[in-house]
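Working notes for the structure below.
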Amino acid sequence: MVAVFSEDHVSLRASMKGLFAQHSSESEVRRLMATDEGYDPVLWRQLAAGQELQGLVVPEEFGGSGYTWVELGVVLEEMGRALFCGPYFSTVVLAATCLVESADESAQKEYLPRVASGEAIGSVAFVEASGRWDEAGVTMEAKKVAAGYELTGQKFYVLDGHVADFFVVAARTSGEISLFIVDRESAGVSAHLEETLDQTRKLATVTFHDAPARLLGAENSGWSILGRVLKLAGIALAAEQVGGAQASLDMAVDYAKTRIQFGQPIGAFQAIKHMLADVMLEVESARSAMQVGLAAASGHEGLDLDEISPLVQAYCSDVFELASHQNIQVHGGMGFTWEMAPHLYFKRAKSMALFLGNSDSHREQVAKALGV
């Protein structure tokens, strides 16, 4: 296993665990998931001002802290453990990373300080009606006009698209993919909040009709940027999934210790013991895989992000699904009732297993990267 965590990371984890225990309790998660916005704007600003979380991996010259993906992974794992409701993944992992990777200094100066300060929420509008998370799925055409570019079409499964202040949009120019920034307040832009399985994480359909767009980076360089961002985002998502899997395991163990059946805790029965031991093994293995992924994302020598990211995504996704499912099994018939917490993690696991592509597509990427 690649060693990536230091004593400073242990301290960071403890701080984040306490922060989200206070601000992302089950009752708060349930309150926020019932709202259209899906997050607390006051807390969002506090996270930027007090904890500087939005600027964690934003370069210092653009108002951020300039940390690595290892530190970001620690934060995301604790967010996943607490089912944090907020536009952090969409803004920091997706939109801000596109800006950083674009090397477009003008756009970076305009948008990254606003992200780091908590002033702006961003998202990436990428997936179209085909539901594909790859280069071939992008068919939207950018129209060249006197003032620059205009976009027309729809993008689906846009994370936090209903509250985003700006979008990084993938569209075709001369047959190749380019990236564009579109401000939410621009003419011809509308977002519709969709009903989804996981109410703790909001998805929207965003419609563009002759919407003015600003080119991000060089024309026709979009996939070289977005392809890398999606690999990095896969590692980030894996960190969240490990946190959710650990929370599911902890919940199942606690219940097995206190639920009395036939005069003893159900955790004393061999079937339950074996089930939880198997889940613990998978969660620890997923954590090891995640650490390798974070090292690759941070530029650790000898680690190929293109090979490692889809492998980590596939495995951590499967483990979160397993852990959340077995948590419900341990709780029995009441495990999926609305009043109990296990179903919240199960729904997050199921929805995130499809976000950025499913496990089969990730394994196919691994095979291609290995030349199989």
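Somewhere in region 312-328, is a residue in contact (Cβ under 8 Å) with a residue 40 or more places away in the chain, touching a Pro at 6+ places or on another chain (Cβ under 6 Å) and assigned by TED's automatic domain parsing to the domain that holds PHE346?
Yes: region 312-328 contains one or more residues that are in contact (Cβ under 8 Å) with a residue 40 or more places away in the chain, touching a Pro at 6+ places or on another chain (Cβ under 6 Å) and assigned by TED's automatic domain parsing to the domain that holds PHE346.
Look through ASP278, ASP318, ASP360, ASP306 and report the one residue that is within 25 Å of VAL127 (Cβ to Cβ), out of contact with any strand residue (DSSP E or B) (no Cβ under 8 Å at 6 or more places or on another chain) and modelled with pLDDT of 95 or more.
Of ASP278, ASP318, ASP360, ASP306, the one residue that is within 25 Å of VAL127 (Cβ to Cβ), out of contact with any strand residue (DSSP E or B) (no Cβ under 8 Å at 6 or more places or on another chain) and modelled with pLDDT of 95 or more is ASP318.
Within region 117-150, take every residue that is in contact with a Ser or Thr (Cβ under 8 Å, 6 or more places away or on another chain), of a type in the set (Gly, Ala, Ser) and crowded, with 24+ Cβ neighbours inside 10 Å and give me the one that is nearest to SER65 (Cα to Cα).
The residue in question is GLY122.
Matching residues to (1) of a type outside the set (Val, Ile, Thr); (2) under 14 Å from ASP254 (Cα atoms); (3) within 17 Å of the chain's Cα centre (by Cα); (4) not in a helix (DSSP H, G or I):
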{"site": "SER309", "(1), (2), (3), (4)": "yes, no, yes, no"}
{"site": "GLN313", "(1), (2), (3), (4)": "yes, no, yes, no"}
{"site": "ASP318", "(1), (2), (3), (4)": "yes, no, yes, no"}
{"site": "LEU322", "(1), (2), (3), (4)": "yes, no, no, no"}
{"site": "GLN329", "(1), (2), (3), (4)": "yes, yes, no, no"}
{"site": "GLY335", "(1), (2), (3), (4)": "yes, yes, no, no"}
{"site": "TRP338", "(1), (2), (3), (4)": "yes, no, no, yes"}
{"site": "ALA349", "(1), (2), (3), (4)": "yes, no, yes, no"}
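Any chance region 105-118 includes a residue that's among the charged types (D, E, K, R) and outside any helix (DSSP H, G or I)?
no
Please go through region 356-369 and give me each residue that is touching a helix residue (DSSP H, G or I) at 6+ places or on another chain (Cβ under 7 Å) and not hydroxyl-bearing (Ser, Thr, Tyr), ordered by number.
LEU356, HIS362, ARG363, GLN365, VAL366, ALA369
If I filter region 194-203 down to residues being under 15 Å from the mean Cα position of the chain (by Cα) and not hydroxyl-bearing (Ser, Thr, Tyr), which single residue comes out as surrounded by the most Cβ atoms within 10 Å (Cβ to Cβ)?
Of everything passing the filter in region 194-203, LYS202 is surrounded by the most Cβ atoms within 10 Å (Cβ to Cβ).
Please specify each residue of region 151-188 satisfying the condition of being without any contact (Cβ under 8 Å) to a residue 40 or more places away in the chain and either within 16 Å of the chain's Cα centre (by Cα) or surrounded by fewer than 22 Cβ atoms within 10 Å (Cβ to Cβ) (or both).
Matches in region 151-188: ARG172, GLY175, ASP183, ARG184, GLU185, SER186, ALA187, GLY188.
Considering only residues that are assigned to a loop (DSSP other than H, G, I, E, B) and either free of Cβ contacts under 8 Å to residues at least 60 places away in the same chain or within 11 Å of VAL75 (Cα to Cα) (or both), which ones fall in region 49-65?
LEU53, GLN54, LEU56, VAL57, VAL58, PRO59, GLY63, GLY64, SER65
The values are calculated or read from the model by the stated rules, or taken from the named source; none is laboratory data. Computed from a predicted structure; not experimentally measured. We place every Cβ from the backbone using ideal geometry, glycine too, and count neighbours over all the protein chains shown.
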